[in-house]
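Contents: one structure, followed by commentary.
The values are calculated or read from the model by the stated rules, or taken from the named source; none is laboratory data. For clarity, every value in this text was computed on a predicted model and none was experimentally measured. Note: ideal-geometry Cβ built from the backbone for every residue, glycine included; neighbour counts use all protein chains shown.
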Amino acid sequence: MKLRRILAATTATAAMTVAGMAAAETMTIGITQNNVGVDSYQTTYEKAFIAAAEANADVEVVVLDAGGDVARQIAQMEDLIQQEVDAIIIWPTNGEAVIPAVRKAHQAGIPVVVTNSNIAEAGFPFVSTFSGPDNITQGARSAEIMCDRFKALGIENEAKVVHITGQPGYTTAIERAKGFNDRLPEVCPNVEQIDEQPGDWNREKSQQVMEAFLVKYDDIDGVYSGDDNMGVGAMNAAIAAGREGITFVGATNFAVGYEAMAAGTYWGSIYQSPVDDAEAALKSAIDLLNGEELPFLNYFDTPKITQDNMGDFTKPVF
Amino acid sequence: MAESTKQDIGKLLAKQGILIAFALFIIGFTIANPKFLTLDNFENVVRSSAILGVMALGVTFVVISGNLDLSVGSMMSFSTIVVLDLHDKLGPTLAIPAMFAMTLCLGALIGFLVGYLKLNSLIVTLGMLSAIHGLTLTYSGGKNMDIADKEGTWFAIFGQGNILGIQTPILIFIALAALLGIILAKTPFGRKVYAVGGNGTAATFSGIRRARVVFLCYIMSALCVATAGLIQASRSMGSQNTVGQGLELEVLAAVILGGASLLGGSGTIFKTVIGVLILGFIQNGLLLVGLDFSVQYVVTWIIIILAVWLDIAAKRGKLMSPIA
């Protein structure tokens, strides 16, 4: 893993030198990632990014990983500026702490693309574009999936929903919860959300929270979880307790969620592919360098997936 | 006669302050939500505390011997990931002993460093916390591990099965607590653990092989962690790499809440079990009461402080410090 990154970095640097002399249209794009290897999403993202870059003859990439360490990421940003890459893609380890480094790149005239999770607003003036999922829309779409299912079951006027959120304080968790909580009353005004507690992105924790909900409430019709990992934890709690007829909706469709949908126990989710995420980031950087105008928030699409249309999607690899 | 009864009750209180605190919480939560005091809920809490509890049993040995173990959270993630991965490669019959062997190797390494090389246990296990996490990530490549065929394996019995209507994690927790409780309280080894933790120098001069005792305590801890990993893996049949992250502090909190001294030399398995249950019931109780999570964090802290205070107050027979 590490070796390959170093290799990627050296070949890219070498290629850059050659490129500088030969073809003017070859562009060098540096990326500093958050923490590859910590989860399957990020691992797949990196593979897809490298594959997409290799497929494009006009692009050379310098692929770096901050290992979750803010200081290392800032150093990597400085390295990339030093190497005079044409554009930098950053997956922030921390939305606040990386702003000075992003500013430095901006001042050096290097366009910066933020990928996956945006940096704090104070850094927006130095960012050319953000490429990533729209978590508020994801939350809203989950609410629509839930509501549509209730309508199909004919319980849209009395259904009761519990909500398991991600780790408190995380932007993704906050935005998805907001999207869901704002949208649900719009599409299903008579559905009542009776409780909301964090599951910390953790399947076991989510299962415990759901167990408590099942004791506390005799009537639960739907569960929305901030991701499928937690959703499957909640679903396992309901199955163990013998409570049937609950509609489970999540986000970030994981392989376990996809399998549970195939088994008919889990209803729906949001399909967010790390491959799309990586390709969108690379494309944003290329488009910028080609002089195209991009919206500041350049979201890639994350469609709804349910038991009804899951055949249109391949099983997630993570 | 009345006087002696009063003294007896006083002694009982002094010995079991933490039990009284426990009883008070149960009453308090039941008033707040009557559903708290139902058999189903109790079973849920004990079952979900079992993983933490099994880990705390091992750490109790380590703490009594005067050391710390902050690596148990990472180690539990490691065991869980390894057993899930090997399940599909070797089948459960081989995967389980292989996972235990690998986890015990980690325990032996820590035991060697702390026991025989006499390195500070805080530093060693804090380092191991990250090192083992790195090892887990290298092993799995960061991927979630899931058992492919969840229906066609008997592996689920450790986490989801039941014997005579009692769920297996609870049975494992009780059986291990009983076994380790007897080892700690009734065997020469158990006495040596107290001696080493109470006064290591005196223990050495009494002919106790201190390094060996410490080493075995870490083996105990690793054994418990492997068991916890097995329950965890079997319960969810799949896992993230970070499943045990942060548990080391909860485990330590439970052990200390049970009254074991961080300086070593005191504590019992029974009290650790009570400490584990208090933590479990607080978490469950607060969910049932339905407070906002940010409030829950603070209330959890207040309850823990209250429990420790009641315990100490009962020991010295006064609510405030006797030394004015």
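The table for this structure:
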item: Unique match (being within 14 Å of chain A (Cβ to nearest Cβ) and part of a loop (DSSP other than H, G, I, E, B)) among B:Gln232, B:Gln245; result: B:Gln245
item: Selection status of A:Ala255, over 30 Å from A:Phe126 (Cα atoms), within 13 Å of another protein chain (Cβ to nearest Cβ) and over 21 Å from the mean Cα position of the chain (by Cα); result: no
item: Members of region B:302-324 that are free of Cβ contacts under 8 Å to residues at least 60 places away in the same chain and either acidic (Asp, Glu) or surrounded by 15 or more Cβ atoms within 10 Å (Cβ to Cβ) (or both); result: B:Ile304, B:Val308
item: A:His163 in contact (Cβ under 8 Å) with a residue 12 or more places away in the chain and assigned to a helix (DSSP H, G or I); result: no
item: Condition check for A:Phe49: buried (at least 22 other Cβ atoms within 10 Å of the Cβ), more than 14 Å from chain B (Cβ to nearest Cβ) and in contact (Cβ under 8 Å) with a residue 60 or more places away in the chain; result: yes
item: Per-region count, region A:277-295, residues within 19 Å of A:Thr43 (Cα to Cα) and buried (at least 21 other Cβ atoms within 10 Å of the Cβ); result: 5
item: Boolean, B:Ile81 is at pLDDT below 95 and either away from chain A (no Cβ under 11 Å) or part of a loop (DSSP other than H, G, I, E, B) (or both); result: no
item: Every pair of residues 6+ apart whose Cβ atoms lie under 8 Å, when the first sits in region A:189-214 and is within 9 Å of chain B (Cβ to nearest Cβ) and more than 12 Å from A:Lys160 (Cα to Cα) while the second is in a helix (DSSP H, G or I) and of a type in the set (Val, Ile, Thr); result: A:Gln197/A:Val209; A:Pro198/A:Val209; A:Arg203/A:Val232; A:Glu204/B:Ile51
item: Selection status of A:Val112, in the same structural domain as A:Ala48 (by TED's automatic domain parsing) and touching a His at 6+ places or on another chain (Cβ under 8 Å); result: yes
item: Residues of region B:78-120 satisfying the condition of being free of Cβ contacts under 8 Å to residues at least 40 places away in the same chain and hydroxyl-bearing (Ser, Thr, Tyr); result: B:Thr93
item: Qualifying positions in region B:55-78 - within 14 Å of another protein chain (Cβ to nearest Cβ) and within 27 Å of A:Ala241 (Cβ to Cβ); result: B:Met55, B:Met76, B:Ser77
item: Members of region A:166-188 that are surrounded by 18 or more Cβ atoms within 10 Å (Cβ to Cβ) and in contact (Cβ under 8 Å) with a residue 40 or more places away in the chain; result: A:Gly166, A:Thr172, A:Ala173, A:Glu175, A:Arg176, A:Ala177, A:Gly179, A:Phe180, A:Arg183, A:Leu184, A:Cys188
item: Some residue of region B:28-46 being within 13 Å of chain A (Cβ to nearest Cβ), closer than 29 Å to B:Lys143 by Cβ, in contact (Cβ under 8 Å) with a residue 60 or more places away in the chain and assigned to a helix (DSSP H, G or I); result: no
item: Residue list for region A:126-161, restricted to those being within 23 Å of the chain's Cα centre (by Cα), over 30 Å from A:Glu292 (Cβ atoms) and among the hydrophobic types (A, V, I, L, M, F, W, C); result: A:Ala143, A:Ile145, A:Met146
item: Single residue of B:Gly267, B:Gly259 found to be crowded, with 24+ Cβ neighbours inside 10 Å, more than 14 Å from chain A (Cβ to nearest Cβ), touching a residue at least 60 places away in the same chain (Cβ under 8 Å) and out of contact with any Cys (no Cβ under 9 Å at 6 or more places or on another chain); result: B:Gly267
item: Single residue of region A:296-305 satisfying the filter (more than 13 Å from the chain's Cα centre (by Cα) and buried (at least 17 other Cβ atoms within 10 Å of the Cβ)) that is nearest to A:Pro133 (Cα to Cα); result: A:Asn298
item: Condition broken by A:Gly245, with the remaining ones in (1) more than 14 Å from chain B (Cβ to nearest Cβ); (2) surrounded by 24 or more Cβ atoms within 10 Å (Cβ to Cβ); (3) over 19 Å from A:Ala143 (Cβ atoms) satisfied; result: (2)
item: Number of the exception - B:Ala156 against (1) within 30 Å of B:Leu262 (Cβ to Cβ); (2) surrounded by 13 or more Cβ atoms within 10 Å (Cβ to Cβ); result: (1)
item: Restricting region B:277-301 to residues that are under 20 Å from B:Gln16 (Cα atoms) and away from chain A (no Cβ under 14 Å), the residue that is surrounded by the most Cβ atoms within 10 Å (Cβ to Cβ); result: B:Ile278
item: Members of region A:258-272 found to be away from chain B (no Cβ under 14 Å) and under 22 Å from A:Val191 (Cβ atoms), listed by number; result: A:Met261, A:Trp267, A:Gly268, A:Ser269, A:Ile270
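Here's the yes/no breakdown for (1) among the small types (Gly, Ala, Ser); (2) in the same structural domain as A:Val38 (by TED's automatic domain parsing):
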site	(1), (2)
A:Leu214	no, no
A:Tyr217	no, no
A:Gly222	yes, no
A:Asp227	no, no
A:Trp267	no, no
A:Ala280	yes, yes
A:Lys283	no, yes
A:Asn309	no, no
A:Pro316	no, no
